[in-house]
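Single-structure report; data block below.
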Amino acid sequence: MVDTIIQGKTRRRREFCAFYTNSDPILTYMVERLRIEAGDVILEPCAGDGVFIDKIIERTAPSEFTLDAVDLNPQAVAKLKQKFGSHSNITVRKADILLEPSSGLFTGDKSTYTRVIGNPPYGAWQDHDRRKLLKELYGGYVRETYTLFIRRCCQLLKDNGRLVFIVPDTFLALHLHKELRRYLVRQTKIEEILLFPSHFFPGVNFGYSNLCIITVVKSANTKDVVTNIVTVSTAVDKIYQIAKGNYNAADYHERIRQKDVAESEDFAFLIGVEGNTRIRDIIRGCKLRLGDIADCVTGFYSGNNQDFLAVGNHAGKNTGRYRVVPPSEIEHDFINKEDVLSGLTNEKKYIPIVKGAGPDRFSVGTNWFVRWDKKTVDFYQKDRKARFQNPRYYFKEGIGVPMVRSSKARAFLLEKRLFDQSIVGVFPRRNEHLNYLLAFLNSDIFTKLLNAINHTANSSANYLKKIPILLEERAITQVNSIMESQFATRDTEGTLKEINDVFNSLFEIPTK
Ligand SMILES: C[S@@+](CC[C@H](N)C(=O)[O-])C[C@H]1O[C@@H](n2cnc3c(N)ncnc32)[C@H](O)[C@@H]1O
C-alpha cells in the first residue's frame, strides 16, 4: 500500500512537475520583486499548493489586488479551492495555461494581467500530439515547458506589467532558447536575474544547471536598460537581504547593459565569467572562431554500452560492471587496417575507445574497448539507439575535449582512436594548427571563454565552434616549441604555465 502511494506520488510529480516552492527566502524575494500596487490583477499560472498566494496574502491587503490561480492538476485545483474559497478576490481555475485560449481561460476584462508570479514546470513530459500542438502555437523548441510558460505569460501580461518566475538558468545560454532570449531582450526590460544553486530549492538538485529568478517588465522600450545580475551561492538566507535591495550580501553582483546582450551573437548573456568584461569583449568582437579553422564533432555511441563496451581491468572508476576483455581479443593495430571503419574482419573483436573521464591532458591512455567486429559495426549503423555519427572523423588525428564542464578545461590528442559521445572531437583543417589548438584548448583562457559561452554543465560541439581564435605567426611558433618540449619532457605543469603566458598575452588579458 505504502509503495503504491509513493509510486502514485512520484508519477504525479513527474507528470505535472509538482515541485513546490517551500522556501521562505525564495518566496519572500519573489513576492517583493513583484512590487504589488493597489489595483493589481495577478496571475499565478501554475499555482500548485498556492505558496506564492499565501505569501502575497501575508503581505498585501485583500482590497489591493485580485488574483487568478490556475493549475492543470485537478487535485491541486481542489485543494486551492478549499484553501482560498473564502477569499472573494481570488479565483481558482483548472486550465492548461499553455493551450487554453485566453478567452477560454478568463472572462470579461480579465484577459490581461498586471502581475504574474510562478514556478513553472521544468522539463515536463509532453506526448507527441501535445508537442505538435505546442509547436503550432509557439513554434521553435517546445520540449522545455518553462520557456513556453515565460512566453505565454508575457503574452498575458499588460504593458508595463511585471513577471517574476523561478526557472532553470539554461535559457540564458543554450542555443535552443535563442528565440526566447530574442523576445526577452526586445520586448521586456529585464530588471534582475538572481542566480543560485538548485539545491537551495527544497527537494531539487539537478546537475545540469542552476536555478534563477527572473524579473521582467513588459515593455518594448528597452533602451538604456541595465540588468542586475546577482549571484548567491553560499547561503540561501542571503536572499532575504537581496529582497531588501542589499546587494552587498550577494556573493557576486554586477550590472550589465541589456543592449550588449541584444547585440551579442544569439543574444547570449555570457554570465559564466562573473564580470570579466575582457572575456565578453573578446567574444563579442572576435573575427575568427574555432569552427572556422577546425571541424568540431560529437563522437560514437554504441547504443548499449553495457553489452558493447569492455575494460582492460577493473582499476578505473565505474569499470566494475563491465567485462574485462582478454588481450587476445583486442586489435591494437587498427590504424593500419584500411577498412577498419566497416569493422574488423580478422579474429579480433575489440578496439580501444577514448572516453571523457580522467584527469590527463595532452595525451591520454584508455582502459576502454568497444566491440568492433564487422557484424557488430553493421548493427551500430542500423540500430536506432546507437549513434554511428560523424564516422569520417573516426580513426583520424584530432583533439578530444570532454563535454562535461570542469573547473579547468582539458584536451588531448585522440591519436587516431575512436572517441565516444562524451567527447567533442576537434579536427583542425590545417595540420600545422594541431599542436597550437591542443595547447589553446588546455589554456585558462579557453576555460573562461567556454564558461562564458555556455555556463551549463555540458558543452556540445556547437558551443566549441563559437570559441574565439587568434592566429598569430609568432604565437604559433612559440606554442609549437612549447609543445615539442611537452612531448619530450611531459612536464605538464611547466607547459601549462608557459601556454597560459602566451595566450594571456595574445588575448591581452590584464595581469592582476
Ligand atoms: C513546479 S510546480 C509549482 C507549484 C507552485 N507554483 C509552487 O511553486 O509551489 C508546477 C505546477 O504547475 C502545474 N502545471 C503543469 N503544467 C501546467 C499547465 N500546462 N498549465 C497549468 N498548470 C500546469 C502542475 O500541476 C504543478 O502544480
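Screening THR21 against (1) within 15 Å of the ligand (Cβ to nearest atom); (2) more than 21 Å from ASN160 (Cα to Cα); (3) assigned to a helix (DSSP H, G or I) leaves a single unmet condition, (3). Residues that are surrounded by fewer than 19 Cβ atoms within 10 Å (Cβ to Cβ), under 28 Å from the mean Cα position of the chain (by Cα), modelled with pLDDT of 95 or more and assigned to a loop (DSSP other than H, G, I, E, B) occur in the range 414-421; there is at least one. Residues in the range 60-77 that are part of a helix (DSSP H, G or I) and within 35 Å of the chain's Cα centre (by Cα): PRO74, GLN75, ALA76, VAL77. Per the listing ASP260, ASP251, the residue uniquely among the acidic types (Asp, Glu) and touching a strand residue (DSSP E or B) at 6+ places or on another chain (Cβ under 6 Å) is ASP251. Flag: TRP372 does not match the condition of being closer than 30 Å to ARG490 by Cα and not polar (S, T, N, Q). Condition test on THR145, is it in the same structural domain as PHE171 (by TED's automatic domain parsing), within 35 Å of the chain's Cα centre (by Cα), within 9 Å of the ligand (Cβ to nearest atom) and at pLDDT below 95? For THR145, the condition - in the same structural domain as PHE171 (by TED's automatic domain parsing), within 35 Å of the chain's Cα centre (by Cα), within 9 Å of the ligand (Cβ to nearest atom) and at pLDDT below 95 - is met. Is at least one residue of the range 88-102 away from the ligand (no atom under 16 Å from the Cβ) and not in a loop (DSSP other than H, G, I, E, B)? No, there is no match, as no residue in the range 88-102 is away from the ligand (no atom under 16 Å from the Cβ) and not in a loop (DSSP other than H, G, I, E, B).
Taken as a whole, the range 248-263 holds no residue that is surrounded by fewer than 18 Cβ atoms within 10 Å (Cβ to Cβ), more than 30 Å from ARG33 (Cα to Cα) and at pLDDT 95 or above. Pairs meeting the criteria (first residue in the range 226-243 and farther than 14 Å from ILE271 by Cα, second residue among the acidic types (Asp, Glu), beta carbons under 8 Å, at least 6 apart or on different chains) are SER233/ASP251; THR234/ASP251; LYS238/ASP251; ALA243/GLU32. Scanning the range 432-465 for residues that are modelled with pLDDT of 95 or more and in a loop (DSSP other than H, G, I, E, B) gives LEU441, ASN442, SER443, LYS465. A single member of ALA38, ALA76, ALA47 is of a type in the set (Gly, Ala, Ser), modelled with pLDDT of 95 or more and closer than 22 Å to LYS244 by Cα, and it is ALA38.
Just one of the numbered conditions (1) at pLDDT 95 or above; (2) out of contact with any Phe, Trp or Tyr (no Cβ under 7 Å at 6 or more places or on another chain) is not true of ARG152: (1). I'd like the residue in the range 370-398 that is over 30 Å from the mean Cα position of the chain (by Cα) and under 14 Å from ASN305 (Cα atoms) and, out of all such residues, is surrounded by the most Cβ atoms within 10 Å (Cβ to Cβ). So, considering only residues that are over 30 Å from the mean Cα position of the chain (by Cα) and under 14 Å from ASN305 (Cα atoms), the one surrounded by the most Cβ atoms within 10 Å (Cβ to Cβ) is TRP372.
ALA78 meets the conditions (1) more than 13 Å from the ligand (Cβ to nearest atom); (2) exposed (fewer than 15 other Cβ atoms within 10 Å of the Cβ) in every case but one. The failed one is (1).
So that you can scan it fast, the table gives a plain yes or no per residue for (1) hydroxyl-bearing (Ser, Thr, Tyr); (2) in a helix (DSSP H, G or I); (3) in the same structural domain as HIS455 (by TED's automatic domain parsing):
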position: ASP159; (1), (2), (3): no, no, no
position: PHE165; (1), (2), (3): no, no, no
position: THR170; (1), (2), (3): yes, yes, no
position: LEU180; (1), (2), (3): no, yes, no
position: ILE190; (1), (2), (3): no, no, no
position: LEU195; (1), (2), (3): no, no, no
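Here is a check on your reading of the model: is ALA475 outside any loop (DSSP other than H, G, I, E, B), loosely packed, with under 12 Cβ neighbours inside 10 Å and aliphatic (A, V, I, L, M)? Here the answer is no, as ALA475 does not meet what is asked. Of the residues making up the range 103-122, those that are at pLDDT below 75 and either within 13 Å of the ligand (Cβ to nearest atom) or surrounded by fewer than 20 Cβ atoms within 10 Å (Cβ to Cβ) (or both) are SER103, GLY104, LEU105, THR107, GLY108, ASP109, LYS110, SER111. Residues in the range 50-75 that are within 8 Å of the ligand (Cβ to nearest atom) and either in contact (Cβ under 8 Å) with a residue 40 or more places away in the chain or touching a strand residue (DSSP E or B) at 6+ places or on another chain (Cβ under 9 Å) (or both): GLY50, PHE52, VAL70, ASP71, LEU72, ASN73. Consider ILE56 carefully, then state whether it is assigned by TED's automatic domain parsing to the domain that holds THR170, in a strand (DSSP E or B), at pLDDT 90 or above and within 18 Å of GLY161 (Cβ to Cβ). The answer is no for ILE56.
A residue that is under 28 Å from ASN276 (Cα atoms) and touching a residue at least 60 places away in the same chain (Cβ under 8 Å) can be found somewhere in the range 482-495.
The values are calculated or read from the model by the stated rules, or taken from the named source; none is laboratory data. Quick caveat: nothing in here was measured; it's all calculated off a predicted structure. Every residue, glycine as well, gets a Cβ built from its backbone with ideal geometry; the counts of neighbours run over all protein chains shown.
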